[in-house]
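One structure is given here, and the rest of the page talks about it.
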Amino acid sequence: MDEHKPAQARAPASKAAVVWAVGDGADGGSAADSVVSLIRRSDPDRLLYLGDVYEYGTAEEFRDNYAPSWGKLAKITAPTPGNHDWPNHREGYDPYWKSIRGRTFPSWYSLREGGWKIISVNSETDHRSGSPQVRWLKRALRGPGDCRIAFWHRPRFNAGLHGDAPGVQPLWKPLAGRARIALWGHDHNMQRLRQRSGIVQFVSGAGGHKPYPLVPLDQRVAFGDASTPGALRLDLRPGSARYRFVSVAGKTLDSGRVSCHTGR
């Protein structure tokens, strides 16, 4: 299914929308509760959950770790699976999201918010060049303009503990000239990397699980925080996106604006 727009999305897709993006928080801990509270206070239109329900993404962990905290936002959540989720996705991820949506959530899909097309792909299943997923991604990127956001779990470029993930290059390469923002989790910190191929890249994995350090003096990093739980807020409207990394205390740690071309 190419387009997915849940009935719970309140604002028309062409109007301004508040979208949050974060992953790596569903461990049943208090830090995750604080991040969820931060997001809920903003009356969001959408949450992009960037993957990982700890430790193994089982049905019990979705019930005990995800549902009591992140489940409060489930009706407006667009998820992508993480490496902790996917090995048991038939037991945990798939039935959980089916219980929320009433049908199996697709492994890759797109939706629209605030005048932007948001594309979710899956770094945990086949994404080789020529795979069905990559062929679908290229179709999803067709059309005028570049007001598109892509998200998945493993960062292509990353100054954190896990380092770069060259294996997701087939997901990254088609974005050049077709998208303006890429969002990832996996590393438990906040990063804004310098633009590459015209794409602003964010790692937003400070959702509440134990933090991971950043490589000191990595020149690719325009902003980094390896100690503060929080999330990335995107205020979307046709032609522009304002971004803010926000701590659980409500403090803006980094902010800026990304413009895009609608192609009209």
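Put simply, of D33, D24, D43, D64 the only residue that is over 17 Å from the mean Cα position of the chain (by Cα), on the phi > 0 side of the Ramachandran plot and charged (D, E, K, R) is D43.
Residues are listed down the side, and each one gets a yes or a no for (1) touching a helix residue (DSSP H, G or I) at 6+ places or on another chain (Cβ under 6 Å); (2) in a loop (DSSP other than H, G, I, E, B):
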| site | (1), (2) |
| --- | --- |
| R135 | no, no |
| K138 | yes, no |
| G145 | no, yes |
| I149 | no, no |
| P155 | no, yes |
| N158 | no, yes |
| D164 | no, yes |
| P174 | yes, no |
| G177 | no, yes |
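Residues in the range 228-264 that are among the hydroxyl-bearing types (S, T, Y) and either at pLDDT below 95 or out of contact with any Gly (no Cβ under 9 Å at 6 or more places or on another chain) (or both): T228, T252, S255, T262. Of A231, A249, all but one fail to be under 20 Å from S37 (Cα atoms), in a loop (DSSP other than H, G, I, E, B) and either in contact with a helix residue (DSSP H, G or I) (Cβ under 7 Å, 6 or more places away or on another chain) or without any contact (Cβ under 8 Å) to a residue 24 or more places away in the chain (or both); the exception is A249.
So that you can scan it fast, the table gives a plain yes or no per residue for (1) assigned to a loop (DSSP other than H, G, I, E, B); (2) on the phi < 0 side of the Ramachandran plot:
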{"site": "V203", "(1), (2)": "no, yes"}
{"site": "A206", "(1), (2)": "yes, yes"}
{"site": "H209", "(1), (2)": "yes, yes"}
{"site": "L217", "(1), (2)": "yes, no"}
{"site": "D235", "(1), (2)": "no, yes"}
{"site": "R242", "(1), (2)": "no, yes"}
{"site": "F245", "(1), (2)": "no, yes"}
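Counting only residues that are part of a loop (DSSP other than H, G, I, E, B) and charged (D, E, K, R), the range 100-119 holds 1 of them.
Every residue, every condition in (1) within 28 Å of V258 (Cα to Cα); (2) without any contact (Cβ under 8 Å) to a residue 24 or more places away in the chain, yes or no:
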{"position": "G102", "(1), (2)": "no, yes"}
{"position": "E113", "(1), (2)": "yes, no"}
{"position": "V121", "(1), (2)": "yes, no"}
{"position": "T125", "(1), (2)": "no, no"}
{"position": "S131", "(1), (2)": "no, no"}
{"position": "K138", "(1), (2)": "yes, no"}
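Within the range 66-99, can you find the residues that are within 18 Å of A231 (Cα to Cα) and not in a loop (DSSP other than H, G, I, E, B)? Within the range 66-99, Y66, W70, G71, K72, L73, A74, I76, T77, A78, P79 qualify. Every listed requirement among (1) out of contact with any strand residue (DSSP E or B) (no Cβ under 8 Å at 6 or more places or on another chain); (2) among the hydrophobic types (A, V, I, L, M, F, W, C); (3) modelled with pLDDT of 95 or more is met by L161 save one, (3).
Each row is one residue, and each column tells you yes or no for (1) within 18 Å of the chain's Cα centre (by Cα); (2) hydrophobic (A, V, I, L, M, F, W, C); (3) within 25 Å of A31 (Cβ to Cβ); (4) surrounded by 17 or more Cβ atoms within 10 Å (Cβ to Cβ).
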{"site": "L161", "(1), (2), (3), (4)": "no, yes, yes, no"}
{"site": "G177", "(1), (2), (3), (4)": "no, no, no, no"}
{"site": "V200", "(1), (2), (3), (4)": "yes, yes, no, yes"}
{"site": "S204", "(1), (2), (3), (4)": "yes, no, yes, yes"}
{"site": "H209", "(1), (2), (3), (4)": "yes, no, yes, yes"}
{"site": "Q219", "(1), (2), (3), (4)": "no, no, no, no"}
{"site": "G230", "(1), (2), (3), (4)": "yes, no, yes, yes"}
{"site": "L236", "(1), (2), (3), (4)": "yes, yes, no, yes"}
{"site": "D254", "(1), (2), (3), (4)": "yes, no, yes, yes"}
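Tell me whether the range 81-98 contains one or more residues that are among the polar types (S, T, N, Q), surrounded by 20 or more Cβ atoms within 10 Å (Cβ to Cβ) and within 17 Å of the chain's Cα centre (by Cα). No, the range 81-98 has no match at all.
Could you run through the range 58-100 and say how many residues are among the aliphatic types (A, V, I, L, M), free of Cβ contacts under 8 Å to residues at least 60 places away in the same chain and either within 20 Å of S120 (Cα to Cα) or in contact with a helix residue (DSSP H, G or I) (Cβ under 6 Å, 6 or more places away or on another chain) (or both)? Count: 3.
The values are calculated or read from the model by the stated rules, or taken from the named source; none is laboratory data. Computed from a prediction, not measured in an experiment: that's the story for all the values here. Because the Cβ atoms are built from the backbone with ideal geometry, glycine has one as well, and the counts that use them run over all protein chains shown.
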